[in-house]
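J.: Before I ask anything, let me first share the structure, which is written out below as structure tokens.
The values are calculated or read from the model by the stated rules, or taken from the named source; none is laboratory data. In this text the structure is predicted, and so the values were computed from the model without any measurement. Reconstructed Cβ throughout: ideal geometry from the backbone, glycine too, with neighbour counts over all protein chains shown. Just the protein is used for accessible areas: all its heavy atoms, side chains included, with ligands, DNA and RNA removed. Shrake-Rupley method; radii C 1.70, N 1.55, O 1.52, S 1.80 Å.
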Amino acid sequence: MKPLTLKLSLCSLVLATIAGCSSGGESSPDNVVVGNNAPDFALKSLDGSTMTNSSLKGNVVVLNFWATWCQPCMGEIPELKQFAASSKAKVIGIALDQDGSRVVKPFVDSNQINYTVLLGDEEVFQRFNGVGIPYTLVLDQAQRIVKVYRGPATRKSLEEDLKQIERGT
């Protein structure tokens, strides 16, 4: 009887998983690809307010997943700061440090990060199909993914992405 119970449990789990993924498909990490809309999020900023993806509609957005302990992320931060200072796009850093604002806020202050930093976690990172950091998504004004960087992005590459969005290609 135990094997049958196990089979039923597995079937229920599979059915629940399929049903859970079928509601629009937006939350499936497999759907985080160029041409699709980015997943929804609501994350706390360092000042305690909550930012949602819907509040960014109408803007080109660069979503950058990073952490204070990530060496490649450290090399990317100056590029993101330059891009944020010289472009119309909104740069949003999503910090994945387990200790949250206790670690992230002093780091942001000491590195004079000039773009919005939100506090993320493993769940949101997985929802965005994250594997390693740094990980960056470039979104157009409608929140569609136009570019995915698995590894550091440069100011120059982001400027090229912005030009392509402006040309509508």
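J.: What is the number of the single condition among (1) of a type in the set (Asp, Glu); (2) within 24 Å of Pro39 (Cα to Cα); (3) surrounded by fewer than 20 Cβ atoms within 10 Å (Cβ to Cβ) that Glu79 does not meet?
T.: (2)
J.: Tell me whether region 153-168 contains one or more residues that are in a loop (DSSP other than H, G, I, E, B), open to solvent by less than 50 Å² (accessible area, probe 1.4 Å) and at pLDDT 95 or above. Walk me through it before giving the result.
T.: Narrowing region 153-168 to residues in a loop (DSSP other than H, G, I, E, B): 153-154, 168.
Now drop any that are not open to solvent by less than 50 Å² (accessible area, probe 1.4 Å), which leaves 153.
Cutting the leftovers down to at pLDDT 95 or above gives us 153.
Yes, that holds for at least one residue.
J.: Please specify each residue of region 61-76 satisfying the condition of being surrounded by 13 or more Cβ atoms within 10 Å (Cβ to Cβ) and without any contact (Cβ under 8 Å) to a residue 60 or more places away in the chain. It would help to see each step written out before you state the result.
T.: Pass one, region 61-76, residues surrounded by 13 or more Cβ atoms within 10 Å (Cβ to Cβ): 61-70, 73-74, 76.
Passing the criteria: Thr68, Trp69, Met74.
J.: Still on this structure: For Ala85, all conditions in the list (1) assigned to a helix (DSSP H, G or I); (2) farther than 30 Å from Arg167 by Cα hold save one; what is the number of the exception?
T.: All conditions are met except number (2).
J.: Report whether or not Val146 is under 16 Å from Cys73 (Cβ atoms), of a type in the set (Val, Ile, Thr), in contact with an Asp or Glu (Cβ under 8 Å, 6 or more places away or on another chain) and buried (at least 16 other Cβ atoms within 10 Å of the Cβ).
T.: Values: under 16 Å from Cys73 (Cβ atoms): no; of a type in the set (Val, Ile, Thr): yes; in contact with an Asp or Glu (Cβ under 8 Å, 6 or more places away or on another chain): yes; buried (at least 16 other Cβ atoms within 10 Å of the Cβ): yes.
No.
J.: I've got another one for you. Which residue is least open to solvent (accessible area, probe 1.4 Å), if the candidates are limited to region 84-119 and must be within 17 Å of Leu139 (Cβ to Cβ) and more than 17 Å from the chain's Cα centre (by Cα)?
T.: Ranking the candidates gives Ser87 first.
J.: Further, regarding this structure: Being among the acidic types (Asp, Glu) and either at pLDDT below 75 or part of a loop (DSSP other than H, G, I, E, B) (or both) is the filter; apply it to region 7-49 and report the residue that is nearest to Asn59 (Cα to Cα). Give the steps one after another, and end with the answer.
T.: In the first step, residues of region 7-49 are kept if they are among the acidic types (Asp, Glu); the result is 26, 30, 40, 47.
If we keep only those that are either at pLDDT below 75 or part of a loop (DSSP other than H, G, I, E, B) (or both) too, we end up with 26, 40, 47.
On the way: Glu26: 20, Asp40: 15, Asp47: 22 Å.
Filtering region 7-49 for residues that are among the acidic types (Asp, Glu) and either at pLDDT below 75 or part of a loop (DSSP other than H, G, I, E, B) (or both), the one nearest to Asn59 (Cα to Cα) comes out as Asp40.
J.: Same structure, new question: Need pairs with beta-carbon distance below 6 Å; first residue more than 18 Å from Leu63 (Cα to Cα) and part of a strand (DSSP E or B) and within region 103-125, second modelled with pLDDT under 95 and open to solvent by 80 Å² or more (accessible area, probe 1.4 Å); sequence gap 6+ or separate chains.
T.: Listed pairs, sorted by first residue: none to list.
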